[in-house]
DNA sequence: ATGTCC
């Protein structure tokens with residue numbers, strides 16, 4: 001029996017790429033982390049195992065608390081963490097994260113990527129920036145209309161922005177939850193969060209958010225790729241953003257509210273980032289209502305950005321959306337808590353830096369992907385590849401969750417030390433918009449784990465089937 | 001991630 005000791009915790013090998021921390025002390029359940037030998041080494045200088053162990057002590061937690069292959073430390077639950085809680089247990093804002101429904105949307109086209117010279121790519125990213133405000137604190141270009149429809153957006157999700165003219169009704173079939181998480185209620189959201197949100201719909205933000213023009217580099221599973229409308233050499237666009245200042249304010253407000261509520265309810269919370277209250281309590285219910293509002297905001301944000309990106313392509317290529325064949329492949333949440341049934345039991349699954357990946361035939365798939373399983377989207381860093389995968393039946397052991405990216409290897413502060421030369425080399429031929437490398441150096445591919453290795457962990461275990469690999473041609477980032 | 005400290 002293979003055993004390893006990391007950060008003082010005993011890890012016991014539990015099959016391919018899977019390590020278990022048997023429960024001890026205040027843990028109510030085991031913690032599990034999915035890594036191969038090289039990724040496991042990265043946990044030695046990182047607090048993420050402690051954060052998994054702490055999460056395993058919360059009331060109502062379901063066996064096991066799980067770390068994804070791209071795990072790294074976060075606030076409360078690690079990024080790359082999955083925590084399921086039974087109905088009589090607690091809900092935690094820190095286990096969803098500050099960027100509620102941070103997520104990814106993939107758009108395909110009928111265009112051949114090889115047509116896109118650097119000259120065209122520069123024109124495109126310039127035009128995309130013309131339409132999509134990027135960077136911290138930016139207000140939306142559509143804020144006149146988004147203020148008017150804001151209430152409708154938070155309660156009804158993407159359907160509301162489609163009614164206002166951003167895209168078409170059929171897009172709803174290609175968004176997790178149909179673009180709307182039930183149970184949102186604006187009355188649970190602070191005035192401050194509402195004011196920030198109304199003006200920020202349709203903005204990209206900063207940090208790891210991006211709009212990427214990509215090429216389908218490799219088809220890894222022919223049959224599924226065809227059903228997802230993907231082909232080798234195809235031009236695609238990936239959008240990665242979330243709920244901006246709206247979700248951030250909600251997370252800030254409720255971390256405080258839940259921290260104080262925990263004391264009143266006598267819940268022992270091991271660290272502030274895991275602040276939690278009973279799901280059935282007033283505070284817990286209110287967090288869910290506010291979180292759902294931010295989830296709907298973020299799906300809608302990506303819908304508006306898709307609309308604007310397609311306008312940019314129309315302007316530069318002088319072709320219509322129909323001629324270019326742009327279609328939504330899928331839109332997935334990476335930071336969310338949702339009610340799901342696993343093993344016949346209803347539970348609230350918190351995913352923070354993790355993607356749901358339902359297998360073929362699972363009834364919660366959208367009808368468009370019932371027979372295949374929906375695409376799970378895994379962006380790499382901005383100089384490397386991204387993957388489309390699907391979950392298998394074996395993904396039941398992770399509550400049908402897979403990794404959400406490559407995962408950070410260096411902290412932002414460590415990554416700031418990367419030199420200009422190293423940064424430029426790491427970007428290779430990828431065209432990017434930000435003029436000063438200092439603004440995005442902490443997003444350098446060198447700051448991330450190797451996405452191929454990370455994706456291989458679940459593939460080797462039989463939890464995912466990789467379908468396609470996409471590589472970046474051009475990337476639009478927000479300068480902070 | 002974030003009007004990166006009201």
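Could you tell me whether residue A:195 is surrounded by fewer than 17 Cβ atoms within 10 Å (Cβ to Cβ), more than 24 Å from residue A:338 (Cβ to Cβ), more than 19 Å from the chain's Cα centre (by Cα) and more than 16 Å from DNA strand B (Cβ to nearest atom)?
Answer is no for this residue.
Tell me, which residue of segment A:143-189 that is within 16 Å of DNA strand B (Cβ to nearest atom) and more than 24 Å from the chain's Cα centre (by Cα) is nearest to residue A:210 (Cα to Cα)? Show your work before the answer.
Within segment A:143-189, the subset within 16 Å of DNA strand B (Cβ to nearest atom) is A:143, A:146-147, A:150, A:189.
Filter once more, so that each one left must be more than 24 Å from the chain's Cα centre (by Cα): A:143, A:147.
Details: A:143: 21, A:147: 24 Å.
Per the stated criteria, the residue is A:143.
Could you name every one of the strands (runs of 3 or more DSSP E) located completely within segment A:307-422 that has at least 3 residues being away from DNA strand B (no atom under 16 Å from the Cβ) and in contact with a strand residue (DSSP E or B) (Cβ under 8 Å, 6 or more places away or on another chain)? Break it down stepwise before answering.
Numbers: elements: A:327-333, A:335-342, A:345-352, A:354-356, A:376-378, A:386-391, A:401-403.
Ranges flagged: A:327-333, A:335-342, A:345-352, A:386-391.
Name the residues in segment A:246-273 that are under 17 Å from residue A:88 (Cα atoms) and touching a helix residue (DSSP H, G or I) at 6+ places or on another chain (Cβ under 7 Å), would you?
A:258, A:261, A:269, listed by residue number.
Name the residues in segment A:235-254 that are under 20 Å from the mean Cα position of the chain (by Cα), more than 10 Å from DNA strand B (Cβ to nearest atom) and farther than 30 Å from residue A:112 by Cβ, would you? Let's see the steps before the verdict.
Step one: filter segment A:235-254 for residues under 20 Å from the mean Cα position of the chain (by Cα), giving A:236-252.
Filter again for more than 10 Å from DNA strand B (Cβ to nearest atom), leaving A:236-239, A:250.
Passing the criteria: only A:250.
Of (1) under 30 Å from residue A:408 (Cα atoms); (2) more than 20 Å from the chain's Cα centre (by Cα); (3) away from DNA strand B (no atom under 13 Å from the Cβ), residue A:138 satisfies all except one. Which?
Result: residue A:138 passes all but (3).
If you go through segment A:274-282 one residue at a time, do you hit one that is farther than 26 Å from residue A:140 by Cβ, in a helix (DSSP H, G or I) and either away from DNA strand B (no atom under 16 Å from the Cβ) or touching a helix residue (DSSP H, G or I) at 6+ places or on another chain (Cβ under 9 Å) (or both)? Give the derivation first.
Of segment A:274-282, the ones farther than 26 Å from residue A:140 by Cβ are A:274-282.
If we keep only those that are in a helix (DSSP H, G or I) too, we end up with A:274, A:282.
Adding the requirement that they be either away from DNA strand B (no atom under 16 Å from the Cβ) or touching a helix residue (DSSP H, G or I) at 6+ places or on another chain (Cβ under 9 Å) (or both) leaves A:274, A:282.
Taking every residue of segment A:274-282 in turn, at least one turns out to be farther than 26 Å from residue A:140 by Cβ, in a helix (DSSP H, G or I) and either away from DNA strand B (no atom under 16 Å from the Cβ) or touching a helix residue (DSSP H, G or I) at 6+ places or on another chain (Cβ under 9 Å) (or both).
Kindly provide the set of residues from segment A:82-105 that are part of a strand (DSSP E or B) and either free of Cβ contacts under 8 Å to residues at least 60 places away in the same chain or more than 12 Å from the chain's Cα centre (by Cα) (or both), ordered by number.
Applying the first criterion (part of a strand (DSSP E or B)) to segment A:82-105 yields A:82-86, A:90-92, A:103-105.
Listed by number, the residues that qualify are A:82, A:83, A:84, A:85, A:86, A:90, A:91, A:92.
May I ask you to verify whether residue A:455 is within 16 Å of DNA strand B (Cβ to nearest atom), under 18 Å from the mean Cα position of the chain (by Cα) and at pLDDT 95 or above? Steps first, please.
Values: within 16 Å of DNA strand B (Cβ to nearest atom): no; under 18 Å from the mean Cα position of the chain (by Cα): yes; at pLDDT 95 or above: yes.
Criteria not met by residue A:455.
Are any residues in segment A:367-380 under 28 Å from residue A:472 (Cα atoms) and either surrounded by fewer than 21 Cβ atoms within 10 Å (Cβ to Cβ) or more than 13 Å from the chain's Cα centre (by Cα) (or both), and if so, which ones? Lay out the reasoning, then the answer.
Looking only at segment A:367-380, we keep the residues that are under 28 Å from residue A:472 (Cα atoms), and these are A:368-369, A:372-380.
Answer for segment A:367-380, where residues must be under 28 Å from residue A:472 (Cα atoms) and either surrounded by fewer than 21 Cβ atoms within 10 Å (Cβ to Cβ) or more than 13 Å from the chain's Cα centre (by Cα) (or both): A:368, A:369, A:372, A:373, A:374, A:375.
The values are calculated or read from the model by the stated rules, or taken from the named source; none is laboratory data. Nothing here was measured: the structure is a model prediction, and the numbers come from that model. Positions of Cβ are generated from backbone atoms using ideal geometry, with glycine treated the same way; all protein chains shown enter the neighbour counts.
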